[in-house]
Amino acid sequence: MTVRLTEYARGGGCACKIPPDELEDIVAGLPAAGTDGSAAELLVGPVGGDDAAVVRTGAGAFVSTTDFFTPVVDDAREWGAIAAANALSDVYAMGGEPVVALNLLAWPRGVLPFELATEVLRGGAEIAAVAGCHIGGGHSVDDAEPKYGLAVTGLVDPERMLRNDTARPGLPLSLTKPLGIGVLNTRHKRTGERFEQAVAAMTALNRDAARAAVAAGARCATDVTGFGLLGHLHKMMRASGTAAVLDPSAVPYLDGARQAVREDHVSGGTRRNLDWVRPHLDAGGAAEEDVLLLADAQTSGGLLVVGEVPGAPVIGHVFERPDPAAPTITLR
């Protein structure tokens, strides 16, 4: 029997994220990060919504993050590889190097065979091996929906760290992977069609892009995942007190992405992203198709870097925001 894993989940991949406005409401009343008497200094915490936490001890600076989601493709091993690459990406987005990870597995025992769970874990282990990251065990639960991901710890140089609140006016914006993963994944879930270009993009590590960005002197970056390019760019500009001009014609897309939008393979997560960003967006005369693609909920997307990254297209520029009420993003 052929099992389509995507049929066992309401959504898929990073499109399953709680919408950004709802998430910000959830965490708004929580106590401030940090604690007196800790053996570590918190360098990056929840303020600003960065990609990972960073702490400094006498032994160095450590990056800590976690990410998991429901199946985004039907092949178990590929899903495991994609989920692992996505979780590792948060460490790369901080300019760090992953060192050790723990598996996070939720599985509907009695519904899906454990042989498929083994393949999920195998795919994750293979990507972690490529990254040079140990898998040190993990945790599993019986759940109605299958979910998989990693909790990752890495190392980072605090003097060369990438953050999402350090954008400076006058610098270019570079994007290291094409967009369109979300709409192709939605089409895959609905039709069963395979899109090798999407799988290749999702399983590609952001390691080389992160190293190139750090080597080029970049100090501001984020990865583009469930909140879409517009959502992550808005968060970056808001945290930095800056704004961005984006050229939609300069943004690269995967083959088939535009056709998928025209056939309305747009996830609810993408539409919620756009609803959240619209009050902060001057879309000018951009077509709705372009705006939807810019808001497309990516899974294991590329890095959005303030600065030039060799081999990556420049898609816009950062400028000074004249007033806090002004749009954070303008499309030209």
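Here, each number is a calculation from the coordinates, and none is a lab measurement. None of these values were measured; they are calculated from a predicted model. Positions of Cβ are backbone-derived with ideal geometry, glycine not excepted, and every protein chain shown enters the neighbour counts.
Things to note:
- Helical runs (DSSP H, four residues minimum) scored at -39500 (n - 2.57) apiece and divided by the length of the chain put the mean residue ellipticity at 222 nm at -10000 deg cm²/dmol.
- Highest-first packing order for the peptide set 219-225, 43-49 is 219-225, 43-49, based on the mean count of other beta carbon atoms within 10 Å.
- Each Cα pair under 8 Å and six or more residues apart adds its separation to the average, and for the stretch 96-164 the resulting relative contact order is 58 percent.
- Set against the labelled values (1) 6, 27, 36, 24, 7, 1, 0; (2) 5, 20, 22, 13, 9, 9, 8, 7, 4, 2, 1, 0; (3) 6, 26, 33, 22, 10, 2, 0, P(r) over Cα pairs in 10 Å bins from 0, in percent computed from this structure falls on (1).
- Relative to one another, the C-alpha centroids of the stretch 268-332 and the stretch 133-190 are positioned 18 Å apart.
- Cα lying deepest toward the dipole's positive end in the stretch 94-234, options V156, G180, A204, charges on Cβ: G180
- Normalised by the number of residues in the stretch 5-159, the average gap of Cα pairs under 8 Å and 6 or more apart makes the relative contact order 30 percent.
- All other residues whose Cβ lies under 13 angstrom from that of Q259 are scored, Lys and Arg at +1 and Asp and Glu at -1, for a net of -2.
- Applying a DSSP loop filter and a limit of 14 other Cβ atoms within 10 Å to the GluC sites (Glu not before Pro) in the stretch 175-273 leaves E193, E263.
- Segments 148-161, 108-121, 86-99 sorted - mean Cβ within 10 Å per residue, highest first: 86-99, 148-161, 108-121
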